[in-house]
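For reference, the structure discussed in these notes is given below.
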Amino acid sequence: MIRNLLPTVWRRSETPLRRAEESPFLALHREMNRMFDDFSRGFDLSPFDGGWSWGFSPPVDVREDEKEVTVKAELPGMEEKDIEVNLADNGLTIKGEKKAEKEEKGKDNWYRETSYGAFHRFIPLPEGLDKEKVDARFKNGVLTVTLRRLEEAKGKKIAIKAE
């Protein structure tokens, strides 16, 4: 059973050979490190000053039709004062910070927890949007930004005549 955890080296004859210099515990240790690295990559964990900083990337939904482009970002637990939305020529930038502190003092104990998270998302936008008529709304943890298309950018449908 433990042989399944051991690294193997394949020779030309296709028969596995265990490396003599490597112990089975070292191989197990390497595999566990690789698994934790793969797991933490999915949560945007990164080393920061000897500890870990927790960053998150909110889910964003972009919908486009002939009249407008709508961007929705899910930002649960945040307030509108913690969010910044900027529009540039090539896209929309959404930034935010979430800070939470919890403190409980009892007769014989004291508990304090602080958490922090920041995010920065850039959403590329198509050409032909009216940069002056942008509507941003925040309700129930969902940010909705609507950008209307310019009249001349909508285009004109051309009828095809059969001969």
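The values are calculated or read from the model by the stated rules, or taken from the named source; none is laboratory data. This is a predicted model, so every value here is computed, not measured. Note that each Cβ is placed from the backbone with ideal geometry, even for glycine, and that neighbours are counted across all protein chains shown.
The table for this structure:
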| quantity | calculated |
| --- | --- |
| Subset of region 107-137 [in contact (Cβ under 8 Å) with a residue 60 or more places away in the chain, surrounded by 14 or more Cβ atoms within 10 Å (Cβ to Cβ) and out of contact with any Phe, Trp or Tyr (no Cβ under 6 Å at 6 or more places or on another chain)] | Ala118, Arg121, Ile123, Leu129 |
| Contacts under 9 angstrom Cβ, first residue in region 75-88 being surrounded by 15 or more Cβ atoms within 10 Å (Cβ to Cβ), partner assigned to a helix (DSSP H, G or I), 6 or more apart | Leu75/Asp82 |
| Failed item, numbered, when Glu68 is tested on (1) surrounded by 15 or more Cβ atoms within 10 Å (Cβ to Cβ); (2) modelled with pLDDT under 85; (3) over 15 Å from the mean Cα position of the chain (by Cα) | (2) |
